[in-house]
Amino acid sequence: MDAGLTAIDEADIEKHRATAQSMVTRVVVMEDASRSGTALAGTGRRFVSPVSTGSVRRTREVELTKTIDAVRPGDQMMSIPQHTLLFRARRGIAVALAIGEVFGRGTDLEALQAKNARAPLEGEDAQQFKKLLAASAYVAAFSFASYLLQTIEADGEPPNDIPEPDFLFDTPQDALKALVAGLDTAIAPSKDDGDLMVRAKAAARVAIEGLLSRKGRFDALGPFENAHIRIDADDFTLDGFDVAPGNKTKPLVMTFKKPEEVVGNHIAKYQAVKLAKMMMAYDFERELNPFVELGGFLFTFIGDGSPGTGKTTLIQMIAGLLNGYCQVAGYPFHYENFGVDQISSYQGKSGQNCRQFINNVINPRVIGFGTVDDIDQVAARRSDDRASAGQQEITGVLMEAFAGVSTVVRGNCSFGMFSNYPENVDDALRQRAGARWLVDGPQTRDDYIDIFVLLAGKNHKIPLGEHQLYAAQEIQRAVSEAYEEHSKPKEDGLKKVYDRYLNEFGEPDTLTDVGTYLHLIKEAEPRFTGRAIKNITDAVKMRAMDIELPDEWFAAPEAFMHKGYDDKKAMISELRRPFTMDMVMQEINRYADSEFRYADKSDDAAVQKLLRDARLRERAAKEMETLKAKGQWDI
C-alpha cells in the first residue's frame, strides 16, 4: 500500500523555516480594491463596494502573528490554541515549499530553473517554465491548505462568511502569501480561541474548494496526481489532490457486538458477516475487489424494522467485524455515521456535510463503512414541501453518490441506511439500496429464551431449563430456514400476484417465466422498476457467491488479505457455485415483499391522517354549533 510513498526529510523542511517565519510575521500582498479591510460593525463581514473598480488593485500588509495575538488582547502571552495555529501555519508553509520542490524534481521545472538562472529562457522553454512554475505554485497552495485541514483540531459549526483567498499562482511563494492573507482575513473576527480554530479550519476548507474549482486551468499537474507524500512527524499524508485524508481520523470508539450476540435477524446477520469478509478481499494496489468483478458485492443496503429490533446492534456487529479484520491485516478502517445533527440551517452546508461523509467512506485507501441511521429523518422525499432545504440537499447527494453517473464501486466500502419507517424515504433513494434487510428482531420461542439469557448476564443461579442455548442462532441453519420462508410471498398484495401467476402459468421453470412474474408484479406495484430488477439480480448473484470464506483466511494477513488481486480472485472463484431457480424466486419475493410492505405502510399512514382530519372537522363543526347556540360565535 505504501508503494511509491515519498517521505520528505526533516532537513528539506527545516531549510524553509526562515522563509515561513517571515511570511507569518509580515507579508505584503496585492488584492482587489473592492474588498474592504474593515469589518462592518457587529457582523464580522467586510464591505464589498457595489461600484466596479475593474482591475484596480492595492497593497495590503498582513501580519498573521499580530492578528492571532489580537484574539485575546488582554493577555500578553498567547494561549495554547493561538500558539498551535501560529506554529501550524509556519510549519505548513515550510512543508508546502518542500512539497513544491518535490514536484519540481519530478518534472522539468528544476532543470528549467537552473537554465533560467544562467540565461533568461525564450520560446517554448519560457512557456514551459511559466506553466510548470504556476503548477508548482498550485501544488504548494494545495499542500498548505491540506496541512492546515489535517493538523488543526476544531469543534463547532463552521461559519458561512469565510471569503475565498485572492489566489495568485505566479510562484509558490506568491501562492502561499495569498493563502496567508486569506487565513488572516478569515480569523480576524474571531471572538475566542474556539472560534479562532473553527474559522482557521474553515478557511483551509474554503481554500481547498477554491483550488479544486480552478484545477482545470493547469495542464501540468499530471505527475502530482499519483503522488503519495507522508510526513510522520506531523502525521500528515497527501495523496495527490485527494481531499479525503484531510479529515484526521481518530481511533474508532464504539461498543462492538459479536455475531453470537445478535439474536434473530438471521438473513441480515448472515449477509452482514459475508459483507465484512467480502470487503477484506479488497486489493489496495489495484484498488478493486474481486467480488465487484465476479458479482455479489453489496455497495448499499437498507435495513428496516420496528424500534428495538436490533438495527443498532447490527451496525455494531458489522463495524466490529471490519475493525477486527483490519487490525489483523494492518489496513486503515474508517467508520462514520451521518445523522440529523449534520443537517445545517445554512444553505448548501447540509449537502457539503453529506458529500464529505461520502468522500470519507469511499476513500480508496481505507476500508470504509458508512451508515445513515434514521434515514427517513435525515433525507426527505422530494415531494415533501414540509421538509427543510437541508434534507432535500442530502437526498440529492445520496442519490448521486449511491447510483449516479459518477459512481464508481471499488469494493472497499459499503453504505447502510436504517429506518423504522422506510416508507417515508424517497422512492428513488430507497431503490438505490441494493439489498433489503428486514430487521425484525427475535421471533421464535428459542429466540426469546436466547435473548433473555444473553441480556440477563451471569449474576444469578437460576437454572437454564430444557433448552439448547443459542442453537437457534446457528447462522447456517437459521439462514437456510429463513431463505426457505421466502419461497412464497408474505405480503397480501404480492400473494395475490403470485397466486394469479401460478393459476395462469404454473411453477416457473425458465427465465421467460421469471420475466413474466416480474411483469405481473410491475402491473400491481408501479414502483417496481428496472432498478428493482437490477437489485434483485445483484442479490441473486450474491446468492451465487453464497460461499463461506474460511475463517482461517482472516486469522493471518498472509493467508488471504495480503495476497495479490489475481490470487484472491482465483481463491474466491474456486468456491463459487451457480444460482438456482429457488434462489431467484426467493430473492424476487424478498425484494417485492419489501416494496408492498412499504406501500401498505404508506397507505395506512395516509388513511389514518385522513381519518384524523375527518374526526377533527366533525368535532370543530359540533363546537361551532354549540358556540352559535350560546351566541358566542362571531365571524
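Using a 1.4 Å probe, what is the accessible area per residue for segment 145-248, in Å²? Kindly include the intermediate steps, with their values, before the conclusion.
Numbers: 3880 Å² over 104 residues.
For segment 145-248, the solvent-accessible area averages 37 Å² per residue.
Can you list the lysines whose alpha carbon sits under 24 Å from that of residue 495, skipping same-chain ones fewer than 8 residues off?
Correct list for residue 495: 522, 534, 601.
Using a 1.4 Å probe on the protein heavy atoms only, what accessible surface does residue 60 show? Give it in Å² to the nearest 10.
For residue 60, the solvent-accessible surface is approximately 50 Å².
Once phi is turned into θ = phi - 60°, what whole-Hz ³J(HN,Hα) does the Karplus curve with 6.51, -1.76 and 1.60 give for every residue of segment 25-31, x standing for Gly and Pro?
7, 6, 9, 10, 10, 9, 9
So what is the accessible area of segment 310-429 per residue, in Å², with the probe set to 1.4 Å?
37 Å²
Whenever you get a sec, compute what percent of the accessible area on segment 160-213 sits on carbon and sulfur atoms (1.4 Å probe).
Looking at segment 160-213 in its full context, I get 49 percent from C and S.
Give the residue list of GluC sites (Glu not before Pro) in segment 540-600 that are DSSP loop and have at most 15 other beta-carbon atoms within 10 angstrom.
Passing sites in segment 540-600 are 548.
Could you point to the residue in 229, 457, 99 farthest towards the positive end of the chain's charge dipole, with +1 and -1 charges on the Cβ of Lys/Arg and Asp/Glu respectively?
Farthest towards the positive pole: 99.
Let's see if you can work this out: charge +1 on each Lys and Arg Cβ, -1 on each Asp and Glu Cβ, no other charges. What is the dipole magnitude of segment 149-305 about its Cα centre, in debye to the nearest 20?
620 debye
Taking the Cα centre of the chain as origin and charging only Cβ (+1 Lys, Arg; -1 Asp, Glu), how large is the dipole, in debye to the nearest 20?
The calculation lands at about 1480 debye.
Defining a contact as two alpha carbons under 8 Å apart and six or more residues distant in sequence, what relative contact order in percent does segment 323-435 show?
Over segment 323-435, the number comes to 29 percent.
What accessible surface, in Å², does a 1.4 Å probe find on residue 311, ignoring ligands, DNA and RNA and rounding to the nearest 10?
Taking all protein chains as shown, residue 311 has close to 20 Å².
Just need log10 I(q)/I(0) for the chain at q = 0.06, 0.12 Å⁻¹, Debye formula, equal scatterers on the alpha-carbon atoms, no solvent, rounded to two decimals.
-0.46, -1.25
Along segment 179-195, what does the Karplus equation 6.51 cos²θ - 1.76 cosθ + 1.60 (θ = phi - 60°) give for ³J(HN,Hα), rounded to whole Hz, x for Gly and Pro?
Each residue's phi maps through the Karplus curve to give 6, 4, 5, x, 5, 4, 5, 5, 8, 4, x, 4, 8, 7, 4, x, 5 Hz.
Restrict the search to segment 122-223; then list the GluC sites (Glu not before Pro) that DSSP places in a loop and that have at most 14 other Cβ atoms within 10 Å of their Cβ. Provide the component values of the computation, followed by the final result.
Working: sites: 122, 124, 153, 209; in loops: 122, 153.
In loop regions of segment 122-223 (DSSP not H, G, I, E or B), the sparsely surrounded GluC sites (Glu not before Pro) are 122, 153.
Could you derive backbone 3J(HN,Hα) for segment 320-331 from the dihedral phi with the Karplus parameters 6.51, -1.76 and 1.60 (θ = phi - 60°), listing whole Hz in sequence and x where the residue is Gly or Pro?
So the Karplus estimates, Gly and Pro as x, are x, 4, 4, 4, x, 4, 5, 5, 5, 7, x, 8 Hz.
What does the charge dipole of segment 332-412 about its Cα centre add up to, to the nearest 20 debye, if the Cβ of each Lys and Arg holds +1 and the Cβ of each Asp and Glu holds -1?
Here segment 332-412 has a charge dipole of around 320 debye.
Using heavy-atom solvent-accessible surface (probe 1.4 Å) with all chains present, what is the largest-first order of 633, 437?
Descending order: 633, 437.
Select from 140, 109, 172 the residue farthest towards the positive end of the dipole of segment 70-202; place +1 on Cβ of Lys and Arg, -1 on Cβ of Asp and Glu, and compute about the Cα centre.
Selected residue: 109.
The values are calculated or read from the model by the stated rules, or taken from the named source; none is laboratory data. In this text, all values refer to a predicted model and were calculated from it rather than measured experimentally. For neighbour counting, all protein chains shown are included, and Cβ atoms are generated from backbone atoms with ideal geometry for every residue, glycine included. With ligands, DNA and RNA removed, areas are computed over all heavy atoms of the protein, side chains included. Shrake-Rupley method; radii C 1.70, N 1.55, O 1.52, S 1.80 Å.
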